[in-house]
Amino acid sequence: MDITLLKLLNTPNSSVNKGQNRRDFLKTSALASSGLVIGFYLSGGNKIASAQQPPKANASPNAFLRITKDGAVTVQVKHLEFGQGVMTSLPMMVAEELDCDWTKVRAELAPANAVYAHTMFGMQMTGGSSSVINSWTQMRTVGATARAMLVSAAAQKWKVKPEQCRAENGVVIGPAGQRAPFGQLADAANKLDTPQKVTLKNTKDFKLIGKPTRRLDSAVKVNGSAMFGMDITAKQVPNLHVALVKRPPAFGGTVKSFNVDKVKGIPGVTHVVQTANGVAVVAKSFWAAKTGRDALVVEWDLESASKATTAMMQASYRETALKPGLPTGKVSDGAALNNLKAAGKTVTAEFEMPYLAHAPMEPLNCTVKFDGDSCEIWVGTQFQTVDQGAAAKVAGLKPEQVKINTMIAGGGFGRRANPASDYIIEAVEIAKQAKVPVKTVWTREDDIKGGYYRPMFVHRVTAGVDAAGKIAGWDHTIVGQSIIGGTAFEPMMVKGGIDSTSVEGVTDTPYEIPNMNVTLHTTKTGVPVLWWRSVGHTHTAFAMESMMDDLAKQAGKDPVEFRREYLAKHPRILKVLNTAAEKSGWGSALPTGRARGIAVHESFGSVCAHVAEVSVEKGQIKVHRVTSAIDCGLAVNPLSIVAQVEGAMVFGLSAALYGKVTLKDGVVDQSNFHDYPMLRLAEMPKIDVHIIDSGASSPTGVGEPGTPPIAPAVANAVFALTGKRLRTLPFNLDEVSKA
C-alpha cells in the first residue's frame, strides 16, 4: 500500500465564472441535442424581476426548457432543490404559460453556469427565500416563448396565421380543428427565431399556478431512486474513493506534524493527504477512511487558535450591551432616552441567543474527479457560481474547466451557501493531490463541532409606556458577530460598520414606534459564522416580539390589540395578525393549564404570524397547537407553501426548545443529535396554516419567514400562562419550573 504524503500551502479565494455566450453554451450543452430548446435572458441587475425584458443579442440565457419528440417537457431548474420544492414550483410557472400537459413535465437541476444566474444577484445561487421571486417573470416568459414558437411552427405547417391557432394541454389547435402535439412540432419550432416579446397571462387566467400541486420529486424520494450527493458511488464515478479529514479541535489551529505509522496497516486506506485545514485519510470505503482517521496521530499548533469560551463571551456581551454601539440609522438623537425617563412604566430586558448549528439531515459531502485539465464535481450546493470559481482556483483551472453537477440535497439552511466554499475547496484539494476520484464526507460530528454557525447575540432593550399606555420610547442595543464581514458581500451589505443582517427586523420594523434608538456592537471571536435559516431575523424577531408583549402588559392591553395600534399603516401585516388570532380562537377559553401567545414578523418580503398554544408540566414546555398565517404574495403552489411554513416553524421550535452550541477554550461541546437535539415526532404540535389571499400579482419569500415568529410566540404563551418572561434561547426550563 502506497501512502502519499502531500501538502497544499495556499488556500484559494472564490472567483466568479464569467460564463459563455449563448452560441457556445448551446454547442456544448446536451440540451441542444434535439427538439425545442428555449433560452431566456432577463436583464435588471440586482432588482427583483417584475416586468418582462427582451432577450439581448448574444446574451447568455439563464433559464431553459426542452421539449422532445415524445412530448415530454423538461425544465432546467437553476436553483438547488433541498426540500423547498423548486423542482415543482419553477416548472409550474413554465407549464402555466406553455399550456402543456402537466403529466408530461419533468425537472432537472441545472449544472453550474453563469447562464443560470439569479436575476437579482447576478450569480447562480439559492438563498434568501428568493428562488420563486426571481424566477417569476423569467420562467413564465420561457413558457410563453416556447408556446409562441410552437404555435408559429404549427401555423407554418397549416399555412395559416399564428393568431388563428392556440395551445391547449400540450397540443396546438388550428382554425379548422387541426391538432398537432408539441412533440411533433418541437424540431420545426427550434429552427424559428426567438420572439423578442411575448404576452404573459393575466393572473385571473391561471389554470395551474395557485392550485395545490403534488411535487414532481416526491416519487423518486419515496422509492429511494433520487440521487443525493451522498448517494454517489463507484457506479457513477469509477474508482471512487472516500475521504475524511481530521481538523483542528479549535478554530484557527493548524497542523504542526502528523504520524501515519498506525494508519499504514489499515485495509482499504490508500492515501494520507494534508490540506490547508487538516489531514485527510483517503480510502476505498467510508469505514476504512474513518478507521484510518481515528488512528491518525496529529500534533496541532493551537497558539493562534480561538480561545472562545461561552460563559466568558456571554459576560462580555452583556457588559458591552450596557454601552451604546455604532448608530444604525434608526437613531432618535436622544429623544428615546429622554422620553423613557418621563415614561410612566419602563421595562429593561436582556435577550440572549446562542450559536446555532445548521445540522442538515444529509451531512456535507462533495465528490471530485480531477483530470489535470478538467475537474468534475457532484455536490448539493446553494452557491454554484462561487463554488465553481473557488474550485477552479484550487485546481489551477479556469472556471469553465470545472463542471459542477448539482445534486439534490438533504437540507442546508444556509450551510451549503458558504462564501468561503470550505467543503468544496477541501474536496478539490484532496482529489488533486490523491490523483483519484474522491468523495469527501463530513460526518455530523465534523460539521457540528467544526463547521459554521448562526452567531451568538445579546440584545438589551429599554422601552416604556406613558400614562395613556402608549410607547414613549425604545432604546435597543445589539451585540454580535458579523456574518458578512470579510466576505465578497461586505461592500454591498456593510455600511458604516453596520452589517445589515445583524439589525434586520429591528431597524426596519413595521411597528410605528416613536423615539426608537438602535445601535450595534460588532464582535470578533474567532468562531466561524454563517447565515442560518432566516438570518438576522432569527434573533431580532425574538427580541422585538417578546418586548411588544412586555409593553402590552405594562399598558394593561391585550397583546393583539396592542400590536394593532402600531400597525395601523400596514394593512397587510394587520391582516396576517388578525387572521392568525381569529383562526386560533384568540380570547376564547382554553383547557386549564394552557395559554396562547402570538408573534408576527415580516421578512423576505412576506409576513408570517404564529399563535402558539402551550402548557408547562414539570418544567417542560409542551406546544400543543400552532396556528399560522402567511401572506407571501401570489401563492404559486399552496401545498409547498403549507409544507414550508410547517417546516420553518418546526426548525425554529427545535432551536427555541433545544438549540445551543457552546464552547470551552475554542472547542465546541456538542457533536451530534444526542447533545444537539431536534424536535421529536411525539413533540410535534398540531399545525394549521392559513395562506392569505392578498390579491398580489407576484410571489414573495416562503422558505424562511415561518422561522422567526415561533420562539417569541411560545415565550409569550409561557408568559401569559406563568407570568415568567423567558428571554434566553433555548428556553431555560429550570426557570420555567420555578414559575
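The values are calculated or read from the model by the stated rules, or taken from the named source; none is laboratory data. Please read all numbers here as calculations on a predicted model, not as lab measurements. Please note: Cβ atoms are built from the backbone with ideal geometry, for glycine as well, and neighbour counts cover all protein chains shown. SASA here: full protein model, heavy atoms, side chains in, ligands and nucleic acids out. Shrake-Rupley method; radii C 1.70, N 1.55, O 1.52, S 1.80 Å.
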Practice task
Report the label-to-label distance for Glu108 and Arg680 in nanometres (one decimal), using points 7 Å from each Cα along the Cα→Cβ vector.
Solution key: 4.5 nm
Fill in the blank from the handout: Amide H contacts under 5 Å for Arg166, restricted to residues at least 5 apart in sequence or on another chain and with H modeled in the peptide plane, are Ile173
Practice task
Would you mind working out the accessible area per residue for the chain, using a 1.4 Å probe, and quoting it in Å²?
Solution key: 39 Å²
Problem - Cross-link pairs beyond the 26 Å C-alpha cut-off, checked among Lys78/Lys398; Lys398/Lys439; Lys201/Lys686; Lys191/Lys369; Lys569/Lys686; Lys104/Lys201 - result: Lys201/Lys686; Lys191/Lys369; Lys569/Lys686
Completion exercise
Of the accessible area of the chain, computed with a 1.4 Å probe and all protein chains kept, carbon and sulfur make up a percent value of 52 percent
Handout entry: Residues with amide H under 5 Å from that of Thr275, placed H, sequence gap 5 or more
Key = Ala280
Fill in the blank from the handout: Between the modelled labels at Asp558 and Lys470 (7 Å from Cα along Cα→Cβ) the distance in nm is 2.2 nm
Problem - Cα shape, the range 649-697, gyration tensor, a/c 1.5 rule - result: oblate
Exercise for the section: Would you mind pulling out the separation of the Cα centroids of the range 97-145 and the range 552-584, in Å? Expected result: 37 Å
Fill in the blank from the handout: Set Lys341/Lys724; Lys495/Lys664; Lys235/Lys432, cut-off 31 Å on Cα-Cα distance; pairs above it are Lys495/Lys664
Practice task
Positive end of the charge dipole of the chain (Lys, Arg +1 and Asp, Glu -1 on Cβ, about the Cα centre): tell me which of Ile691, Ala226, Ser304 has its Cα farthest that way.
Solution key: Ala226
Practice task
Would you work out the charge dipole size for the range 629-739 about its Cα centre, treating the Cβ of every Lys and Arg as +1 and the Cβ of every Asp and Glu as -1, and quote it to the nearest 20 debye?
Solution key: 360 debye
Exercise for the section: Beta carbons within 10 angstrom, averaged per residue: use that to sort the peptides 122-131, 474-483, 658-667, highest first. Expected result: 474-483, 122-131, 658-667
Problem - Under 5 Å, built H, 5+ apart or other chain: amide partners of Ile687 - result: Val626
Problem - Residue order for Arg725, Arg179, Arg460 - accessible surface, 1.4 angstrom probe, largest first - result: Arg179, Arg460, Arg725
Handout entry: Reachable aspartates and glutamates, given that their alpha-carbon falls under 13 Å from the alpha-carbon of Lys246 and they are not under 8 places away in the same chain
Key = Asp294, Glu299, Glu426, Glu445, Asp446, Asp447
Handout entry: Net charge, Gln84 excluded, C-beta distance under 13 Å - Lys, Arg +1, Asp, Glu -1
Key = -1
Problem - Vicinal HN-Hα couplings computed from phi for the range 89-103 (Karplus, 6.51 cos²θ - 1.76 cosθ + 1.60; Hz; Gly/Pro x) - result: 5, 5, x, 4, 5, 5, 5, 4, 7, 6, 6, 9, 7, 4, 5
Exercise for the section: Could you give the size of the charge dipole of the range 202-304 about its Cα centre, using +1 on the Cβ of each K and R and -1 on the Cβ of each D and E, expressed in debye and rounded to the nearest 20? Expected result: 640 debye
Completion exercise
Taking the dipole of the chain about the Cα centre (Lys, Arg +1; Asp, Glu -1; charges at Cβ), the one of Pro249, Phe673, Pro324 that reaches farthest to the positive side is Phe673
Handout entry: Two-site label geometry, Ser698 and Asp734: point separation in nm, points 7 Å out along Cα→Cβ
Key = 5.2 nm
Problem - Rg over Rh, two decimals, the chain (C-alpha only, Kirkwood Rh) - result: 0.99
Problem - Whole-Hz couplings from phi, Karplus 6.51/-1.76/1.60, listed for the range 627-638; x for Gly and Pro - result: 9, 10, 9, 9, 10, 10, x, 6, 7, 6, 9, x
Problem - Solvent exposure ordering (accessible area, 1.4 Å, most first) of Leu726, Leu590, Leu681 - result: Leu681, Leu590, Leu726
Practice task
Excluding residues on the same chain fewer than 8 positions from Lys470, give the aspartates and glutamates whose Cα lies under 15 Å from its Cα.
Solution key: Glu512, Asp549, Asp550, Asp558, Glu561, Glu565
Fill in the blank from the handout: Note to self: C-alpha centroids of the range 607-656 and the range 224-252 sit apart, in Å, by 34 Å
Problem - Solvent-accessible surface (1.4 angstrom probe) belonging to His624, in square angstrom, nearest 10 - result: 50 Å²
Exercise for the section: For the range 385-395, take each phi angle, set θ = phi - 60°, evaluate the Karplus expression 6.51 cos²θ - 1.76 cosθ + 1.60, and give the result in whole Hz per residue in order, putting x for glycine and proline. Expected result: 5, 4, 5, 5, x, 5, 5, 4, 4, 6, 7
Exercise for the section: Under a cut-off of 14 Å between alpha-carbon atoms, report the aspartates and glutamates in cross-link reach of Lys207, not counting same-chain residues fewer than 8 places apart. Expected result: Glu96, Glu97, Asp99, Asp101, Glu168
Practice task
Report, in debye and to the nearest 20, how large the dipole of the chain comes out about its Cα centre when Lys and Arg carry +1 and Asp and Glu carry -1 on their Cβ.
Solution key: 1220 debye
